[in-house]
1. If you build a Gaussian network model of the chain, linking Cα atoms that sit under 10 Å apart, which residue out of 17, 256, 50 swings the most?
2. Which residue fluctuates most in the GNM of the chain (Cα springs below 10 Å): 60, 12, 226?
3. Quick check: convex hull over the Cα atoms of the stretch 208-277, volume per residue in Å³, rounded to an integer?
4. Just need the relative contact order of the stretch 114-262 here, percent rounded to a whole number, with Cα pairs under 8 Å and 6+ apart.
5. May I ask you to sort 118, 113 by Cβ crowding, counting other Cβ atoms within 10 Å and putting the fewest first?
6. With a 10 Å Cβ neighbour count serving as the proxy for reagent exposure, in which order, fewest first, do 235, 159 appear?
7. Using a/c under 1.5 as the rounded threshold, could you call the stretch 238-280 rounded, prolate or oblate? The axes a ≥ b ≥ c are square roots of the C-alpha gyration tensor eigenvalues, and prolate needs a/b larger than b/c, oblate otherwise.
8. Restricting to DSSP H runs of at least four residues, report the calculated mean residue ellipticity at 222 nm for the chain, -39500 (n - 2.57) per run over all residues, nearest 500 deg cm²/dmol.
């Protein structure tokens, strides 16, 4: 079924009484090249988030051994039942991915594919990474601004807390851009496809919780120096905060966007050391 062909897609959606929801950020691909390109390396077990009408699911099912597609919009279940009827290796699960037990979906590891709307991109990606599920890699289409943020380097204007946090779990690369004209309805912004390849944490820390608190606090108020943000999060005096940075070789006036994940790990460990030295 040519699910990116408007002459096929529109009658299919109308047949099942489907209309697009702005609240769910629904935009379906109408260029057959894009889903084929996204799915070209699919193999083994695959989880797809938000299959929509099934154009990417179709390509994934043609390559992978098993596909589980998680769709939150119940109105699309009948659409998918028809569009994917020829495949016996696909199952559609009506569920919210953020409430789904990822460990129950497959016996063994799996890859993730998704076309995610802006409002839910970061929560979904972090849920996948933090879950501990045996995910090999995540290939996801997101808004261009999000792709820039996820793949930024320290010092870039797009670099932020989510960039450093993702770097603890995965190596991120931008694969290709997708212009707004490839979607129905046409969004106001362009998109990009990125791949997050799971890695072992590149830094070792005394407390992972403290590391992520340091990262989050560093960008809580971007106009403030790192010292001021750390003071607020960890109840440090200005002298204590500056002493930590000086000991580690950082300038007192450094801001969060200048530091790497390794730098944050050093700061987190220094904070933990000081906590351990405090009287009970």
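Just so it is clear, none of the values below were taken in a lab; they were calculated from the coordinates. As the structure is a prediction and not an experimental result, all values here were calculated from the model. Because the Cβ atoms are built from the backbone with ideal geometry, glycine has one as well, and the counts that use them run over all protein chains shown.
1. 17
2. 12
3. Numbers: hull volume 5.4 nm³, N = 70.
Spread over its residues, the Cα hull of the stretch 208-277 gives 76 Å³ apiece.
4. Working: 211 pairs, mean separation 34.1, N = 149.
Answer for the stretch 114-262 is 23 percent.
5. Working: 118 14, 113 27.
Lowest to highest Cβ neighbour count: 118, 113.
6. Working: 235 8, 159 21.
By the 10 Å Cβ count, ascending, the order reads 235, 159.
7. Numbers: a/c = 2.77, a/b = 1.59, b/c = 1.75.
Oblate is the answer for the stretch 238-280, as a/c is 1.5 or above yet b/c matches or exceeds a/b.
8. Details: 11 runs with 107 residues, N = 280.
So the helix-based figure for the chain works out to -11000 deg cm²/dmol.
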